[in-house]
Amino acid sequence: MNQSDLIDLLSKIPLGEIRYFDSIGSTNDEALQWANEGARDLSLIVADEQTLGRGRMDRVWFTPPGTALAFSLILRPSADEKPHLSRLVGLASLSITEALHPLGLHPQIKWPNDVLLNQRKVAGVLIELVWFEEEVSCVVIGIGVNILQRAVPATDILRFPATSLENALGNPVEREKVLHDILSAFTRLRPQLGTDEIMNKWGEALAYRGRQVQVEMGGDQTVFGRLEGILSDGSLRLRDENGKSVTVRFGDVRLRPYA
Ligand code: BT5
């Protein structure tokens, strides 16, 4: 990968500026800084390796060189998009699932931010906001996808089983094509952010729908229930054992199948 090949590869997608790094701390950190310096809408940072890749709550995201996709997209949301920013994690996850369908794969979204193949995590999304006074001025959407099996960390550091596209397909896939297809899906889906259509797609792609799950809420609170779907703000809807509807909002949450 290099900057000029990336520019050629992505030339048909209406992106902002593109920056490529052989190695970086975290593409999200670089994107947050660039956003503050005035990056254009849909500017993109791609790295071959991350030495300080992050997940939610500053957890480590492993990105060894030559094995994975690690990139961040900077969005300057329009006034129409601003009421729906909590849906962006769904939009980003759906962009990944849509890019994997043509490979014959059947990915699912483990709410809130993981993409699974065969019940294992193949990709993660990290959304971070940049505020200007009382308003969000930019959103950074970080996406990591395990392309080769060498991208998958050792099991002892994993909170959930992980896999790669190489493992799911039985052969390596060209990561540039996956990057192209995710970004192309994202720009195609973005105009649907405020619509029911995107919520329906998100709901249909959910892992564990109709199944009993447990959600660890950070601290020591755990909620159990049947996973029913997603609310219009992207919260998760469960039905508990007493038939009561329970809403789980974003935060330090950890979803697991239970029975
Ligand atoms: C995520 O967090 O899944 C969000 C990951 C976002 C990574 C992208 S890469 C580009 C951009 N720049 C960044 O610095 N980050 C974004 P979370 O749900 O909190 O999951 C984190 C957990 O996933 C860790 O605690 C590990 O257990 C596990 N993990 C780490 N590396 C992994 C990998 N390569 N594949 C699968 N699981 C991994």
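Go through the range 202-238 residue by residue and tally those that are open to solvent by 80 Å² or more (accessible area, probe 1.4 Å) and over 24 Å from Glu81 (Cβ atoms).
Looking only at that region, the number is 7.
Out of (1) part of a strand (DSSP E or B); (2) open to solvent by less than 50 Å² (accessible area, probe 1.4 Å), what's the single condition that is false for Trp131?
(2)
Determine which member of the set Pro107, Pro112 is under 23 Å from Val213 (Cβ atoms), more than 10 Å from the ligand (Cβ to nearest atom) and either crowded, with 20+ Cβ neighbours inside 10 Å or not assigned by TED's automatic domain parsing to the domain that holds Asn28 (or both). Show your work before the answer.
On the way: Pro112 fails: more than 10 Å from the ligand (Cβ to nearest atom).
From the options Pro107, Pro112, the qualifying one is Pro107.
Just give me the residues in the range 33-62 being in contact with an Asp or Glu (Cβ under 6 Å, 6 or more places away or on another chain) and within 11 Å of the ligand (Cβ to nearest atom), in sequence order.
Hits for the range 33-62 are Ile45, Met57.
Need at least 2 residues that are open to solvent by 20 Å² or more (accessible area, probe 1.4 Å) per element, so show me which strands (runs of 3 or more DSSP E) inside the range 1-99 make the cut, counting only ones lying wholly within it.
Working: elements: 18-24, 43-50, 68-75.
Those strands (runs of 3 or more DSSP E) span 18-24, 43-50.
Taking interchain pairs and intrachain pairs at least six residues apart, which have beta carbon atoms under 8 angstrom, with the first residue in the range 106-131 and at positive phi and the second open to solvent by 10 Å² or more (accessible area, probe 1.4 Å)?
Sorted first by the residue in the range 106-131, then by its partner, the pairs are Asn118/Ala168; Gln119/Pro161.
For the range 68-103, enumerate the residues that are touching a Cys at 6+ places or on another chain (Cβ under 9 Å) and either without any contact (Cβ under 8 Å) to a residue 12 or more places away in the chain or among the acidic types (Asp, Glu) (or both).
Kept after step one, since they are touching a Cys at 6+ places or on another chain (Cβ under 9 Å), are these residues of the range 68-103: 74-77.
Scanning the range 68-103 gives no hits.
The values are calculated or read from the model by the stated rules, or taken from the named source; none is laboratory data. For clarity, every value in this text was computed on a predicted model and none was experimentally measured. Cβ: placed from backbone, ideal geometry, glycine included. Neighbour counts: every protein chain shown. Side chains included, ligands, DNA and RNA excluded: accessible areas come from the protein's heavy atoms. Shrake-Rupley method; radii C 1.70, N 1.55, O 1.52, S 1.80 Å.
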